[in-house]
Every structure is written in C-alpha cells, then in structure tokens.
Amino acid sequence: MVALSSTVLVGTAIVTCLFMSWVLGANSNSPPFAPAIGANAISTMQAAFVIGLLAAAGALMQGGSISETVGAELIDGVAITPLAATAGLLTAATFMAIGIYTRYPIPAAFATTGAMVGVGLSLGGDPAVATYRRLGIFWALVPIMSGGLAYATATVLRRDDVPETVGVPLLAGIVGAIVANVRLGVIPDPTAEQGTLAGFVARRFGGGPALAGEFDLGTVLVTIGVGVLAFYWVRERVRDSVEDGIRSFLLVLGGIVAFSSGGSQVGLATGPLENLFRTELGLPGIVLLALGATGILAGAWMAAPRLLQATSREYAQLGVRRSIAALVPGFIVAQLAIALGIPISLNNIVLSGVIGGGLAGGSAGVSRRKIGVTITFWLLTLGSSTAVGYGLYRLLTAVIGG
C-alpha cells in the first residue's frame with residue numbers, strides 16, 4: 001500500500017511537471033516572436049510552430065543549469081519531495097494560467113521561485129539568502145539592461161547618418177559572435193559538460209596560445225570569423241532589399257531568442273523534480289529535460305497564439321528596426337542568465353526590450369496602462385506565489401499525508 005501511494009505521488013509529480021512545461025510553452029516562450037509578428041514579418045500561427053520546435057531544442061541543449069538552481073539552491077536543509085514538487089508546480093502553473101486567461105503575461109521565474117520557496121519553507125527548510133540576493137540583483141537589472149540596450153540600439157538604427165548597410169549588419173555580427181560562444185549540450189568539451197562552437201572548431205585546428213581564462217587565440221579567431229560571416233550575410237540581404245533583409249534578420253533573431261527561452265525556462269518545470277529523478281530514480285538529467293521539452297513543444301503549438309497577439313499588438317506598435325532592437329538585448333540577457341544558472345522571465349526581458357524600443361520612437365506607441373498593470377502583476381506574483389505554495393503543501397500534507 002505504501003509502495004502504491006509512493007508510485008501515485010511520483011506519477012502525479014511527473015504529470016504536474018508536464019502541465020507546468022505546457023503552460024511555459026504557451027506563456028513564457030511566446031515573447032521572442034512577438035516583435036516579429038508586430039512588424040508583420042511572420043504570421044501568428046507560423047510563429048507558434050517555430051517557437052515550439054526551437055524552444056524544445058533549447059530546453060534539451062541548455063536547460064540543465066537553471067533546473068539545478070530551481071531544484072537544489074532555493075532552500076537549504078531539505079530535499080524537495082514529490083508531494084512538495086507537485087504543490088510548487090501546481091502553484092506556479094496556476095499563476096501563469098491566470099496570466100494567459102487575463103492576457104497579462106505572468107513572469108514564470110517569479111511564480112516558480114516564489115512557489116518553490118514557499119513549499120521549501122513549509123517542508124521545514126531554511127531560506128537560501130545568498131541565492132535570493134543573487135537572483136534579486138539580476139532580476140532588478142533585467143529591465144535596465146534589456147530596456148536600456150533596446151532604447152540605445154533603436155535610437156542608432158533610426159539615425160539618418162547610420163546607413164542601413166552598416167547598422168543592422170553590425171548588430172548581426174555581434175549576435176553571431178555571441179552565438180559562437182553559447183554553450184550547448186550537443187557539443188563536446190574536454191573540461192565542461194557543454195561546449196561552444198568556437199571552442200570546438202578551434203580545437204580541431206590546434207587551439208592556439210592561451211589569452212584569458214578558457215579563451216585561446218583559436219577561439220577568438222573563430223568568434224571573429226562567425227561574426228564576420230553573419231555581418232556579410234545580412235549586409236548582402238540588405239543590399240538586395242533593405243526591408244526584406246531587415247525582416248530576415250528579425251526572424252533569425254526571433255528564432256535564436258526562442259531557442260534561448262527554452263533553455264532558460266524548462267528548468268522552471270523540471271527543477272522541482274531534480275531530486276526525484278537524479279537521486280531517487282537514478283535517471284540522467286537529459287530524461288527530465290526531455291520531459292520538460294515535450295511539454296513546452298505542446299504548449300507552444302496549442303496555446304501560444306493567444307499571448308503572441310497580446311504581446312505583439314498591445315504593448316507597442318513596433319517597426320522592424322525597433323523590433324530588432326528589442327530582441328538583441330533579449331538574447332544577450334537570456335544567455336547571460338543561463339550561463340549564471342539564474343531563472344529568469346523571458347516576458348520580463350523581451351517586454352522590457354519592446355518597451356525600450358518603442359520609447360525610442362516616442363511614447364505614443366506604448367500602452368502606459370498595460371505596462372503599469374503588468375508590473376503590478378509581476379510584483380504581486382513573487383510574494384503571493386510563496387504564500388500559496390506554502391499553504392498548498394500544508395493542505396496536501398493534511399489531506400493525504402507527506
């Protein structure tokens with residue numbers, strides 16, 4: 001009877017993880033293509049299809065660091081049980097489902113972090129103050145970094161003295177150089193679990209003299225080469241047709257950010273089950289990430305269009321240039337968060353960029369009321385999800401036992 005009860009709890013936790021990742025696919029992975037839809041570079045249904053594929057791939061290749069943070073670093077002194085994971089995931093998923101219904105995107109990182117802190121405290125754990133400080137600082141800087149970079153980039157792109165064949169291709173070159181150094185699970189590395197394209201190619205040719213940290217001359221040269229190739233490709237597209245070239249770059253950017261969103265968001269669904277899968281079941285981490293990727297794929301295909309329309313039409317009416325300005329910092333901040341193992345909200349990052357890019361053309365295209373209500377939702381989410389997670393775990397324990 002005890003074994004049966006334990007099996008039911010494990011099954012319930014897995015189903016809840018799938019539900020949570022489904023909501024993430026519908027909610028938090030939508031913003032990357034919102035600027036492209038707002039600029040009429042892609043249709044809503046096409047964007048939902050592409051988002052699902054790319055976000056699922058990102059979840060498998062980059063999701064490990066965020067999953068470990070959510071699963072083991074938010075509470076000290078206790079391990080998350082299947083019942084606690086179920087309570088936390090149900091709390092976070094419910095908050096985001098409310099966001100989908102009301103069309104105000106709820107930040108997944110806030111909802112999940114608050115919920116897991118709540119259930120961890122209810123388990124008798126101690127607050128991980130150092131982790132909270134690190135997360136809080138990064139979260140507070142996200143709107144400044146993303147919005148500020150988007151505003152500055154959009155301002156430059158709108159200047160008459162900056163040729164279209166220089167400004168946009170230069171941004172493409174920067175993005176290409178960063179992509180070359182993004183860590184991916186499918187690339188082998190002799191000293192790390194995940195390797196980079198630049199490092200892999202450099203090692204094939206002997207690397208070169210060490211420069212700083214893990215970078216050697218070969219890695220730097222490959223990084224520059226990828227950046228130059230990206231610059232050249234976009235410049236040639238822009239030379240053939242300015243609008244078509246810029247739209248092409250915007251779509252590629254959307255795809256890169258969607259991939260990054262999968263890597264940064266899947267851990268919010270899989271993190272609570274880290275202890276269950278790795279310790280109790282003895283399964284490799286890729287199995288848990290595959291579970292989350294499946295849910296994200298289904299959520300993006302089935303429910304993303306509703307939120308895509310909301311974020312693309314109601315926050316700011318952007319042109320292609322300001323849309324590019326919104327996505328470039330979004331990609332940079334998302335990859336920085338993944339590298340640091342910090343759970344973040346793609347809604348927060350991309351919408352900050354959308355607002356910053358919109359303000360570069362004047363405040364007329366930005367809904368002040370929508371922005372104000374969204375920020376209020378964000379602030380309320382963190383505190384209320386902690387309280388609900390704490391109470392829900394206590395309730396489930398009282399009803400069915402620990």
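The values are calculated or read from the model by the stated rules, or taken from the named source; none is laboratory data. For clarity, every value in this text was computed on a predicted model and none was experimentally measured. Here Cβ is always computed from backbone atoms with ideal geometry, including for glycine, and neighbour counts include all displayed protein chains. Surface accessibility is based on the protein's heavy atoms, side chains included, excluding ligands, DNA and RNA. Shrake-Rupley method; radii C 1.70, N 1.55, O 1.52, S 1.80 Å.
At a glance:
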{"item": "Selection count, segment 292-323, where residues are open to solvent by 30 Å² or more (accessible area, probe 1.4 Å), of a type outside the set (Ser, Thr, Tyr) and modelled with pLDDT of 70 or more", "result": "6"}
{"item": "Tabulated pairs, segment 68-89, first within 14 Å of Gly114 (Cα to Cα), second surrounded by fewer than 22 Cβ atoms within 10 Å (Cβ to Cβ) and among the small types (Gly, Ala, Ser), C-beta under 7 angstrom, 6+ apart or interchain", "result": "Thr69/Gly341; Glu73/Ala128; Leu74/Ala128; Ile75/Gly125; Ile75/Ala128"}
{"item": "Residue satisfying condition, being part of a helix (DSSP H, G or I), buried (at least 23 other Cβ atoms within 10 Å of the Cβ) and of a type outside the set (Asp, Glu), within set Ile98, Ile80, Ile51", "result": "Ile51"}
{"item": "Out of Ala177, Ala154, Ala150, Ala202, sole residue that is part of a helix (DSSP H, G or I), crowded, with 18+ Cβ neighbours inside 10 Å and at pLDDT 90 or above", "result": "Ala177"}
{"item": "Arg369 vs. criteria open to solvent by 10 Å² or more (accessible area, probe 1.4 Å) and at pLDDT 70 or above", "result": "yes"}
{"item": "Criterion violated by Asp189 - all others in (1) in contact with a helix residue (DSSP H, G or I) (Cβ under 8 Å, 6 or more places away or on another chain); (2) open to solvent by less than 50 Å² (accessible area, probe 1.4 Å); (3) in a helix (DSSP H, G or I) satisfied", "result": "(3)"}
{"item": "Candidates Pro169, Pro163, Pro143, filtered to the one that is over 23 Å from Thr16 (Cβ atoms) and surrounded by fewer than 16 Cβ atoms within 10 Å (Cβ to Cβ)", "result": "Pro163"}
{"item": "Of residues in segment 256-281 being part of a helix (DSSP H, G or I) and surrounded by fewer than 21 Cβ atoms within 10 Å (Cβ to Cβ), the one farthest from the chain's Cα centre (by Cα)", "result": "Glu280"}
{"item": "Condition check for Ala326: at pLDDT below 80, in a helix (DSSP H, G or I), surrounded by 22 or more Cβ atoms within 10 Å (Cβ to Cβ) and touching a Gly at 6+ places or on another chain (Cβ under 7 Å)", "result": "yes"}
{"item": "Residue count, segment 250-271 (criterion: under 23 Å from Leu382 (Cβ atoms) and among the β-branched types (Val, Ile, Thr))", "result": "2"}
{"item": "Test: Val182 is assigned to a loop (DSSP other than H, G, I, E, B), open to solvent by less than 40 Å² (accessible area, probe 1.4 Å), among the β-branched types (Val, Ile, Thr) and closer than 27 Å to Ala337 by Cβ", "result": "yes"}
{"item": "Answer residue from segment 1-47, given it is open to solvent by 60 Å² or more (accessible area, probe 1.4 Å) and outside any helix (DSSP H, G or I) and is modelled with the lowest pLDDT among those", "result": "Met1"}
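Each row is one residue, and each column tells you yes or no for (1) assigned to a helix (DSSP H, G or I); (2) at pLDDT 75 or above.
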site	(1), (2)
Ile342	no, yes
Ser352	yes, yes
Gly358	yes, no
Gly361	no, no
Thr374	yes, no
Leu380	yes, yes
Gly391	yes, yes
Leu395	yes, yes
Val399	yes, yes
